[in-house]
């Protein structure tokens with residue numbers, strides 16, 4: 001219907017002024033009409049005429065068009081359109097648009113690092129990425145869901161240093177003593193210990209040698225992927241084993257690494273299953289792309305893309321209004337930047353995508369700008385097809401930021417547990433279906449990019465703008481439908497709608513537009529806002545309009561059915577189930 005209105009306005013303008021115009025429609029407040037546009041004000045400047053006069057000429061040209069009940073001029077020259085009931089009703093027959101059909105789109109999200117806790121920020125990235133992938137796939141694209149994580153790098157060395165210290169040496173067999181359900185928290189504690197030791201080394205509390213040992217261990221871990229021990233382990237020996245000069249076995253250290261890395265992967269998979277998110281098509285570890293990144297950076301160094309600086313290799317982003325970043329440090333080790341170069345080119349080599357969407361926190365925005373600008377110098381097509389979306393940080397109620405380094409963190413499991421506890425405190429032990437709805441919706445309803453303060457009590461409430469409220473709204477509609485034999489009616493043949501019916505039909509007709517907007521913007525919050533408004537609209541309709549036993553029962557039952565289906569479809573796009581009973 002939107003296209004029909006645009007075509008009608010463009011045709012009128014062509015006949016009146018012999019001009020091709022771009023017509024943008026908006027949804028005004030219901031009392032002003034079903035659609036509105038400001039095309040007259042744009043044309044007035046070209047025609048050197050009063051905008052209201054132009055608007056009046058266009059409305060007169062549109063009079064008699066079969067899709068409108070009326071067309072009027074408002075304000076400085078806005079044109080308001082009121083559809084007739086027949087046109088309005090056709091809009092509630094939702095037709096899935098597949099305008100992305102034939103495109104291959106990669107969506108990379110979640111990106112937790114093995115050996116580190118999966119905190120609330122990762123939870124948010126996982127849920128937002130899952131919905132963005134659903135939206136893109138819903139519109140016809142072939143979607144490849146990717147998960148990238150750092151299984152090499154300083155954070156791994158920090159954890160490994162603390163793990164070996166905790167085990168009392170290179171004793172992989174001692175890992176068997178750690179209970180399966182305690183593995184993820186145990187590894188999180190080791191990371192905090194190792195990071196504290198790394199940051200405090202040289203402060204008087206811990207010898208400066210600790211930092212040097214961890215840095216060397218970082219180099220050694222890269223050796224795991226080369227099958228050698230080129231750098232040796234003896235300098236790491238003293239601090240790892242409390243000063244005891246006992247030789248460490250390279251193969252046993254590697255075994256500890258592999259076991260703990262696998263624990264991390266198992267934990268991630270368990271959480272994804274618990275969250276009921278779509279499974280990933282591929283997990284790409286940093287170790288898989290590092291060599292390619294190194295090769296490319298060294299190759300492009302010779303071509304002038306990168307340059308030497310104090311023993312390191314950098315990209316001078318200042319030439320492009322950005323900032324300088326190190327791609328290979330003075331020790332010859334690749335930084336995150338080089339690994340991301342390897343990742344981007346691995347994606348391109350393996351998938352030849354039409355678009356690569358990457359979802360990270362806001363703090364990675366400038367970092368990724370530099371990386372993409374560097375790639376643009378030697379693979380411009382890859383850079384142009386890469387889209388980086390950033391989100392805000394997740395804070396505790398009261399504004400405390402999550403940090404895995406300090407140990408003052410809220411993990412993904414903590415968020416879920418807080419929702420369960422809030423339910424119990426309210427006197428209701430909610431099912432996992434409701435818990436997931438509470439957490440997912442509480443995070444997804446925020447515009448991507450803004451910070452989030454998670455409130456478990458609000459998220460679990462059956463009233464207000466919450467996931468459980470929308471689940472209850474669906475269950476309520478299904479309970480109405482359960483009381484009648486016929487769940488549908490031939491709504492298309494309805495001659496006229498009363499005020500309350502029309503308001504609900506108008507809102508139902510917005511669904512396809514909202515889904516399309518969410519896909520274009522890659523913004524799930526549009527769907528959240530719409531579903532909440534839809535549920536409120538239905539409540540007003542149901543309060544004022546008798547359904548069962550009325551002389552308009554067939555029509556109204558049909559509207560209830562359309563409402564329930566729309567609500568369920570919208571929740572499905574958010575990865576939230578719509579129960580028939582609660």
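The values are calculated or read from the model by the stated rules, or taken from the named source; none is laboratory data. Every value quoted in this text rests on a predicted model; they were computed, and no experiment measured them. For neighbour counting, all protein chains shown are included, and Cβ atoms are generated from backbone atoms with ideal geometry for every residue, glycine included.
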Item to complete: Restricting attention to region 29-47, report how many residues are outside any helix (DSSP H, G or I) and within 14 Å of residue 77 (Cβ to Cβ).
Response: 3
Discussion item. Condition first: free of Cβ contacts under 8 Å to residues at least 60 places away in the same chain and more than 25 Å from residue 136 (Cβ to Cβ). Now tell me which residues in region 325-362 satisfy that.
Written reply: 325, 326, 327, 328, 329, 330, 332, 334, 335, 337, 338
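Please give the helices (runs of 4 or more DSSP H) falling wholly within region 98-207 in which 1 or more residues are within 26 Å of residue 576 (Cα to Cα) and either free of Cβ contacts under 8 Å to residues at least 24 places away in the same chain or within 21 Å of the chain's Cα centre (by Cα) (or both).
Counting at least 1 such residues, we get 120-138.
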Response to the item:
The lone condition residue 354 fails out of (1) at pLDDT 90 or above; (2) within 20 Å of residue 120 (Cβ to Cβ) is (2)
Discussion item. Being surrounded by fewer than 19 Cβ atoms within 10 Å (Cβ to Cβ) and either under 22 Å from the mean Cα position of the chain (by Cα) or assigned to a loop (DSSP other than H, G, I, E, B) (or both) is the requirement here; does residue 457 meet it?
Written reply: no
Worksheet item: Taking the stated definitions as given, is residue 519 over 26 Å from residue 136 (Cβ atoms), touching a helix residue (DSSP H, G or I) at 6+ places or on another chain (Cβ under 7 Å) and crowded, with 16+ Cβ neighbours inside 10 Å?
Response: no
Item to complete: State which residue is nearest to the chain's Cα centre (by Cα) when the search covers only region 543-562 and only residues that are in a helix (DSSP H, G or I) and over 14 Å from residue 484 (Cβ atoms).
Response: 562
Practice prompt. Consider residue 443 carefully, then state whether it is over 19 Å from residue 130 (Cα atoms), modelled with pLDDT of 90 or more and either outside any helix (DSSP H, G or I) or in contact with a helix residue (DSSP H, G or I) (Cβ under 6 Å, 6 or more places away or on another chain) (or both).
Written response: no
Fill in: In region 291-316, the residues that are crowded, with 18+ Cβ neighbours inside 10 Å and in a helix (DSSP H, G or I)
292, 293, 294, 296, 297, 300
Fill in: Residue identified as at pLDDT below 95 and in contact with a strand residue (DSSP E or B) (Cβ under 8 Å, 6 or more places away or on another chain) among 88, 62
62
Worksheet item: Out of 288, 262, which single residue is surrounded by fewer than 20 Cβ atoms within 10 Å (Cβ to Cβ), assigned to a helix (DSSP H, G or I) and in contact (Cβ under 8 Å) with a residue 24 or more places away in the chain?
Response: 288
